[in-house]
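This report refers to the structure that appears directly beneath it.
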Amino acid sequence: MSDLNTAMVEKYRSNFLKEVEANVEEGDWVKMCMQCGVCSGSCPLGNAWEHPPQEIFMMIRAGKRDEVLSSSSMWMCTSCYNCIVRCPRELPITHIMHGLAHYAKRLGLSPKEQPTAKFAQLFWDNLSKDGRVNELKLGLALYFMNGFGEGIKTSLKMKDIGLGMVKTKRMNVMEILGGHSVKDKSGFHAMLKKAAEIEEAKIQK
Amino acid sequence: MADEKKIGCYICKGCGLGERLDTDELETIATREGKANVVKQHDFLCNADGVKMIQDDIDNDGVNHIVIGACSRRSKAEAFNFQNVAISRANLREGVIWIRPDEPDAQETTQEMAADYIRMACAETKFQNIPAASGQQGLNKKLLVVGGGIAGMTSAIEASKAGYPATIVEKTGKLGGAMADMVARIPNRSPYADPMDTGVAAMIAAIEADSNITVHLNSTVTKTSGAPGRFSADITTESGATTTDNFGAIVQASGFTDYDANQLPEFAYGKTPDVVTQRELEAMIKEAGDGPVKRKSDGKVIASALFVQCAGQRSDKEGHLSYCSGFCCSASIKEAMLLKDRNADCDTIICFDDLRTPGAGGEDFYRSGQKKGVTFTKSKVSEVVPANGSLTVKMHDLILNDDVEASVDLVVLATGLIANSGVDIDDKSAENVAQDPTQEYKVNVDSILNLTYRQGRDLPKLTENFADSHFICFPYETRRTGIYAAGPVRRPMDAAQAIEDATGATMKAIQSLEHAATGEAVLPRPGDLSFPTFRKEGCTQCKRCTVECPFGAIDEDEQRYPQYNESRCRRCGTCMGACPVRIISFENYSVETVGQQIKAADMPEEFDEKPRILVLACENDAYPALDMAAMNGMQYSAFARVVPVRCLGSVNTIWVSDALNGGYDGIILMGCRQDENYQCHFVKGSEMAHTRMSKIADTLQTLSLEEERVATYEIAITDSARTVQIINEMEETIQKIGMSPFKF
């Protein structure tokens, strides 16, 4: 368990709703849910969710902290915004889902084998290195996400598309050697560092 | 009123009547068969010229009975509104040309239809008299308001504002009723965010300052007799002193009693003082003033409270209320807010099944509760267990489908309301029915009004103890004319609705006493001056009319004859339909006026292959439905002859047996829906008719006729397509079973 997680458990005791209100993006909207279930019914991936949004909100109010934060549900959100459009109480449900996922990730509670979460990490690692997304590396990383054998298999399957992209100059094979980056790389890293500091300070207060 | 009946028949040629019908033939029929003294045709009868022609005949020619052969009686009523004459309308437009195809083949039967309606209208008016008020009562502007809660107070204040003196009778020692026990009320105006002042003090001050309002505290109504315009009420104080006063109308705002929480042992009510009802919590908050609210058991400042919604309500368990009381969800939100205001950081949980916050601002108030941090949990509470210094609440979370427990300092039960509607007059064992006129009147303490009516002491109830008031069409209007129910005695409601209700009921009460003064009926026949009378020599004292009157209008006099109270009567004619010796009649509506219409229609020979179907249609729903069928271009059999009746309850079985004897091949009765969700304008009329008609099989048997020849239906005003279908099906049935052998 991360230190931050222990600290948060200590700070909010049994009141998970207050914790969400204080730390999750748009979290103060959670109490306004009236349990109509329109969000759950509107979600195109609703069937695949462990707990649909309505249930997540109810679980937050019921203080089911571990179940909510370690759930894969909010990672399933594709940001289609159907729920936001339809919520009669005008809750920014999509944003709350991302907020919850982000908070869970920060506390180290997000599910380890969740593909969306894994891909998000790959994407971040890729992007934060040079300030530009290296599509070749990102794509390959994605192929090999679930092991070497699987990676080879996927690569062979995608071979023709890849060659086609190279032919039409949509992809540069040389990118594998490092690739392009932002002009001021150190400045970019300084910015990221500052942002992390600000966020850290926000959590600590 | 002229002594001699002089019939004037006026036939319109407008709206295509002139082209489709042979009006000259109709004129001949009106003269020869209808025996009309004056018969005229006009190209456009409802225009100023046509109306003037009729008015001239009334003024100069002494015409006092008028037959208008034009459109349905539901059209152009304002044009053909002649004073001091009897009017009969032959429905040639909606009833004939609009529901028949404009084809040469159909011409003959269409003309026969029109001719019959002219014959029938002439026959009807021949037996009508011109109604006049009985003069049983004059104008009494005083209003009796029973109950001094916010509904009662609103009623008195509104009546006084309108210039009608009001008298409030309140059982307890103070005005305000249930609202006086409250700290604050559910907001009734924007932004609907916070509890607001109850307004009781301001209302009491307004009443005290008003010389038009008399208040009797610690008093009950121990006897109410009379009728609208001449009610007499005994108002008795606790000590026994009685004042008798006369009133024009009555508003009953007797409010409600809390459901007894002792019937909910599963919630530990009574076992610990920390399980309270909503009203008890209000008292605790009142006691605390602006300071923190403390528990009764140990004086601990309440840090968490859980509200159990629908406690003993909306449940089919024995002893529980089946209905939603309508105010408790908002009341719990309000009380949670009050607790949060006084006890900082107090956790408030509302366990609901369906949260219902009625009224325009209800949703805003709910939202405001959520913003203030009241937790709403959709769950079913099963048990409350007191456990060392706190309460464990066991519930089933309905969203998460999970059994959970919560530990709180206080549990509040939202228990709901029971109407204070007095004694159940349908319970014949109770000492509350059929006052023997020769005996002295005994007061029943459970009764609200102690009416001396033959049908019982209080307002009839519909369901769940609520006073019967036609909640769709005529709210406030009870089954006792001139007595209007307002507030939760009528249906579950909150304060805002009760205030609205009381205002409406007061307006209706004022209308009622004004109408009583001129002898006019109230809803649903406002302005009708006719009232039932009976021929005493013929009366067998069977008392069916006194029992069957849906409005309890008929008492019994010392000689045990029925005693009609004109201003209590709604003019439905149910008594007329009930009377086995047919001696009850209205001036313009009687066994004869309808019976003669039935006889007046021409009856073709059996071998003409022209059957006759008599349709007795309720004029409130079925007749308009038939009119609308015509307007929408539907068609029904040319063999039908429709006779409108005031209410199916006024149908006397003699009409049916006479029609069968007279050769009609089929009879259709169309009334309104009659069950618990009735649509009958006269509440019981349709039900009575259905019961009576279920016994018509005997008559059919004695005549050796098929049962299918008589059919009774429940028709809604929207059922026009169905009415057409029913008539056409009857024609097919007759083709199958053959013509009636009773044609002469």
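Near the amide H of B:Glu383, under 5 Å away, which other amide H atoms are found, from residues 5 or more places off or on another chain, if H is placed in the peptide plane?
For B:Glu383, the qualifying residues are B:Lys394.
Quick one: which of B:688-697, B:311-320 comes out on top by average Cβ neighbours within 10 Å, and what's the full order, highest first?
Sorting B:688-697, B:311-320 by mean packing, highest first, produces B:688-697, B:311-320.
Among the listed pairs B:Lys174/B:Lys508; A:Lys64/A:Lys153; B:Lys126/B:Lys508; A:Lys202/B:Lys340, which have their C-alpha atoms separated by more than 30 angstrom in this model?
Correct reply: A:Lys64/A:Lys153; B:Lys126/B:Lys508.
Would you mind giving the mean number of other chain beta-carbons within 10 Å of the Cβ of each residue in B:374-384, as a whole number?
Average neighbour count from other chains, rounded to a whole number: 2.
Students often forget the sequence filter, so: which lysines lie under 30 Å Cα-Cα from B:Lys736 once same-chain residues fewer than 8 apart are removed?
By straight Cα distance, B:Lys736 reaches B:Lys599, B:Lys610, B:Lys695.
Semi-axes of the equivalent ellipsoid of region B:289-445: what are they in whole Å, largest first, if each equals the square root of 5 times a C-alpha gyration tensor eigenvalue?
Taking √(5λ) for each eigenvalue gives 38, 18, 18 Å, largest first.
At a Cα cut-off below 14 Å, give the aspartates and glutamates reachable from B:Lys141, other chains included and same-chain residues fewer than 8 away excluded.
Candidates past the 8-residue exclusion: B:Glu158, B:Asp245, B:Glu514.
In peptide B:395-402, how many Cβ atoms from other protein chains are near each Cβ within 10 Å, on average?
For this peptide, the per-residue mean of nearby foreign Cβ atoms is 4.
Just report the Cα centroid separation between region B:203-265 and region B:365-422, whole Å.
Value for the Cα centre distance between the two parts: 37 Å.
Taking every DSSP beta bridge with both residues inside the protein assembly as shown, roughly what % is antiparallel (nearest 5)?
40
Given a 1.4 angstrom probe, what's the average accessible area per residue across the protein assembly as shown, in square angstrom?
43
Can you tell me the orientation of helix B:495-518 relative to chain B, as the angle in degrees between its alpha-carbon axis and the longest Cα principal axis, to the nearest 10?
Value to nearest ten degrees: 40.
Which whole number in µm²/s is D for region B:533-585 by Stokes-Einstein, with the Kirkwood Rh taken over Cα pairs at 37 °C and 0.692 mPa s?
Roughly 303 µm²/s, to the nearest whole number.
How large is Rg/Rh for the protein assembly as shown, to two decimals, with Cα atoms and a Kirkwood Rh?
Using Cα coordinates only, the ratio equals 1.13.
Before we go on, tell me the buried accessible area for the A/B pair, both chains summed, 1.4 Å probe, in Å² to the nearest 100.
Buried area between the two chains comes out at roughly 1300 Å².
Enumerate by residue number the GluC sites (Glu not before Pro) in region B:577-639 meeting two conditions: DSSP loop (anything except H, G, I, E, B), and at most 14 other Cβ atoms within 10 Å of the site's Cβ.
Answer by residue number: B:Glu605, B:Glu609.
Which trypsin sites (Lys or Arg not before Pro) in region A:1-79 sit in a loop by DSSP (not H, G, I, E or B) and have at most 13 other Cβ atoms within 10 Å of their own Cβ?
Sites meeting the loop and neighbour criteria: A:Arg13.
For the protein assembly as shown, build the charge dipole from Cβ charges (+1 Lys, Arg; -1 Asp, Glu) around the Cα centre, then report which of A:Leu192, B:Ser650, B:Cys672 sits farthest towards its positive end.
Among A:Leu192, B:Ser650, B:Cys672, the one farthest towards the positive end of the dipole of the protein assembly as shown is A:Leu192.
Most fluctuating residue of A:Met74, A:Met59, A:Met145 in a GNM of chain A with Cα springs under 10 Å: which is it?
For chain A, modelled as a Gaussian network with Cα springs under 10 Å, the answer is A:Met145.
So which GluC sites (Glu not before Pro) in region A:80-176 pass both tests, a DSSP loop state and at most 15 other Cβ atoms within 10 Å of the Cβ?
Loop-located and lightly packed - A:Glu90, A:Glu113.
Sorted by average packing, counted as other Cβ atoms within 10 angstrom per residue and highest first, what order do A:159-171, B:573-585, B:8-20 take?
Final packing ranking: B:573-585, B:8-20, A:159-171.
Across region A:157-173, in residue order, what do the Karplus-derived ³J(HN,Hα) couplings come to in whole Hz, using 6.51 cos²θ - 1.76 cosθ + 1.60 with θ = phi - 60° and x for Gly and Pro?
Those phi angles translate into 5, 8, 3, 4, 4, x, 4, x, 5, 5, 4, 8, 6, 8, 9, 10, 5 Hz.
No solvent, one uniform scatterer per C-alpha: report log10 I(q)/I(0) for chain A via the Debye equation at q = 0.08, 0.13 1/Å, two decimals.
The Debye formula, applied to the Cα set alone, gives -0.37, -0.88.
Report the convex hull volume per residue for region B:233-315, counting only C-alpha atoms, in Å³.
In region B:233-315, the Cα hull volume divided by residue count equals 202 Å³.
When only C-alpha pairs under 8 Å and at least 6 residues apart count, what is the relative contact order of region B:613-725, in percent?
In percent, rounded to a whole number, it is 39.
Working from Cα positions, state the angle (0 to 90°, nearest 10) between the long axis of helix B:328-342 and the longest principal axis of chain B.
30
Would you please put B:407-420, B:51-64, B:544-557 in order of how densely packed they are, using the mean number of other Cβ atoms within 10 angstrom per residue and starting with the highest?
B:407-420, B:544-557, B:51-64
If you take the C-alpha gyration tensor of chain B, multiply each eigenvalue by 5 and take the square root, what semi-axes do you get, largest first, in whole Å?
Output for chain B: semi-axes of 58, 29, 24 Å.
Normalised by the residues of chain B, what does the relative contact order come to in percent, with Cα pairs under 8 Å and at least six apart?
Relative CO of chain B lands at 12 percent.
Let me confirm one metric for peptide B:142-149, namely the mean number of other chain beta-carbon atoms within 10 Å of its residues' beta-carbons.
0
Would you list B:Leu339, B:Leu703 from the most to the least accessible area, probe 1.4 Å?
Solvent-accessible surface, decreasing: B:Leu703, B:Leu339.
Compute the relative contact order of chain A as a whole-number percentage, counting only Cα pairs closer than 8 Å that sit 6 or more residues apart in sequence.
Averaging sequence separation for qualifying contacts and normalising by length gives 17 percent for chain A.
The values are calculated or read from the model by the stated rules, or taken from the named source; none is laboratory data. Bear in mind that the values here come from a model prediction, so they are computed numbers and not experimental data. A quick note on method: Cβ atoms are made from the backbone with ideal geometry, for glycine too, and the neighbour counts reach across all protein chains shown. Keep in mind that these areas ignore ligands, DNA and RNA; they rest on the heavy atoms of the full protein, side chains included. Shrake-Rupley method; radii C 1.70, N 1.55, O 1.52, S 1.80 Å.
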